[in-house]
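Chemist: Take a look at the following structure, please.
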Amino acid sequence: QVQLVESGGGLVQPGGSLRLSCTASGLSFSIYNIGWYRQGPGKQRELVAAVTRGGITNYADSVKGRFTISRDTVNNTVYLQMLSLKPEDTDVYYCVASRTGMRYWGKGTLVTVSS
């Protein structure tokens, strides 16, 4: 059974940082494309950052230069390092693993940026 579990969310002040983790069981991240999405109440889901199984990364314009996605294939974990957080980064963040014909979602972790 495939399971993705996100962690690392929480409350942080504007300008602060957090590192989210996504750990998988039942699949190997090394053969999947991994993305971090976010969505808040009344907002559209947004792809924040992604890394292909070949290691190519891409980012939403809103987070470029502040967020970094990385993958640890030994521990089967993907990270999202978030710096210089802004109130508009407040959302539930989801980890997604995908490849042709398959897509798996985690349950999300809440990030709240507020003073």
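The values are calculated or read from the model by the stated rules, or taken from the named source; none is laboratory data. These figures come from a predicted structure and were not determined experimentally. Cβ placement follows ideal geometry from the backbone for every residue including glycine, while neighbour counts extend to all protein chains displayed. Accessible surface is based on the protein model in full, side chains and every heavy atom, while ligands, DNA and RNA are left aside. Shrake-Rupley method; radii C 1.70, N 1.55, O 1.52, S 1.80 Å.
Chemist: Could you work out the local net charge near ASP61, counting Lys and Arg as +1, Asp and Glu as -1, over the other residues with Cβ closer than 15 Å to its Cβ?
Modeler: +1
Chemist: For the stretch 52-102, what does the convex hull of the Cα positions come to per residue, in cubic angstrom?
Modeler: Looking at the stretch 52-102, the number lands at 113 Å³ per residue.
Chemist: How much area per residue is accessible in the chain when the probe is 1.4 Å and only protein heavy atoms are counted (Å²)?
Modeler: Value for the chain: 53 Å² per residue.
Chemist: The chain: D in µm²/s via Stokes-Einstein (Kirkwood Rh, Cα pairs, 37 °C, 0.692 mPa s)?
Modeler: Once the numbers are plugged in, D ends up at 234 µm²/s.
Chemist: From a point 7 Å beyond the Cα of SER25 in the direction of its Cβ, which residues of the stretch 41-78 have a backbone N at a distance under 20 Å?
Modeler: 72-78
Chemist: Here is a further query. So what is the relative contact order of the chain, in percent, for Cα pairs below 8 Å that sit 6 or more residues apart?
Modeler: So the answer I get is 37 percent.
Chemist: Still on this model: State the extension gain, in nm to one decimal, for the chain segment bounded by THR100 and GLU46, taking 0.36 nm per residue of separation less the distance between their alpha-carbons.
Modeler: That works out to 17.4 nm of additional length.
Chemist: Separate question: Could you identify which residue out of GLN39, GLN81, GLN13 has the top mean-square fluctuation in a GNM of the chain using Cα springs shorter than 10 Å?
Modeler: Judging by the Gaussian network model, the answer is GLN13.
Chemist: Now a separate question. If the cut-off is a Cα-Cα distance under 19 Å, which aspartates and glutamates reach LYS107, setting aside same-chain residues fewer than 8 apart in sequence?
Modeler: GLU6, GLU46, ASP89, ASP91
Chemist: So, one more: Would you work out what percent of the accessible area of the chain, with all protein chains in place, is carbon or sulfur (probe 1.4 Å)?
Modeler: Carbon and sulfur together cover 48 percent of it.
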